[in-house]
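This report refers to the structure that appears directly beneath it.
Values quoted throughout were computed directly from the atomic coordinates according to the rules given, and no laboratory measurement underlies them. The structure displayed is predicted, hence computed values, not measured ones. All Cβ positions, glycine included, derive from the backbone under ideal geometry; neighbour counts span all protein chains shown.
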Amino acid sequence: MTSDEDRWMLAELMRIPGVRFCLVFAVDGILMSKTAGIDTDSAQRIAAACSGQLSLAIAVNKEVGFQGPFLQNFSRWSDGYVFVRRAADKTSLAVVTSGTADPSLIAHAMAERIQRIGEPALSTPGRTPAGA
């Protein structure tokens, strides 16, 4: 994902009522981009945690026998939500909201922006192991 693409997508998501901040991260939990409203250290920890959340969801997917690819997961607390959506091969988008956010609006907005940008532009290239 280029910086222009993620800035555009994240800026549009930030305009939705209740959105606190957004992250784009690689499947291995590496932070790729973030919005204002969260410091880099916290964003890196949240990206890593969301990557773990996705791993758990994918493991459940295999065990319950769903055939399609994983698309989205969200967690709810009394005062907010964390939405995590697959954006492309090896790339995901997380949106953290207040409790006043409309979950269906957030889910739809995430899917729509990802579709508009397109999977090839959002994909994270593979990493070369250190020392290789």
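The table that follows gives values for the structure above.
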{"read-out": "Relative contact order (percent, whole number), the stretch 21-107, Cα cutoff 8 Å, 6+ residue spacing", "value": "29 percent"}
{"read-out": "LEU23, LEU31, LEU71 arranged by Cβ crowding within 10 Å, fewest neighbours leading", "value": "LEU71, LEU31, LEU23"}
{"read-out": "Long-range HN-HN contacts of MET32 with modeled amide H, under 5 Å", "value": "VAL24, PHE25, ALA26"}
{"read-out": "Order of LYS34, LYS90, LYS62 - criterion: other Cβ atoms within 10 Å of each residue's Cβ, fewest first", "value": "LYS62, LYS90, LYS34"}
{"read-out": "Förster radius 30 Å - calculated FRET efficiency between ASP39 and VAL60, Cβ distance, rounded to 0.05", "value": "0.45"}
{"read-out": "Bins of 10 Å from zero: percent of alpha-carbon pairs in the stretch 18-60", "value": "32, 49, 18, 1"}
{"read-out": "Exposure proxy order (Cβ contacts within 10 Å, fewest to most) of TRP8, TRP77", "value": "TRP77, TRP8"}
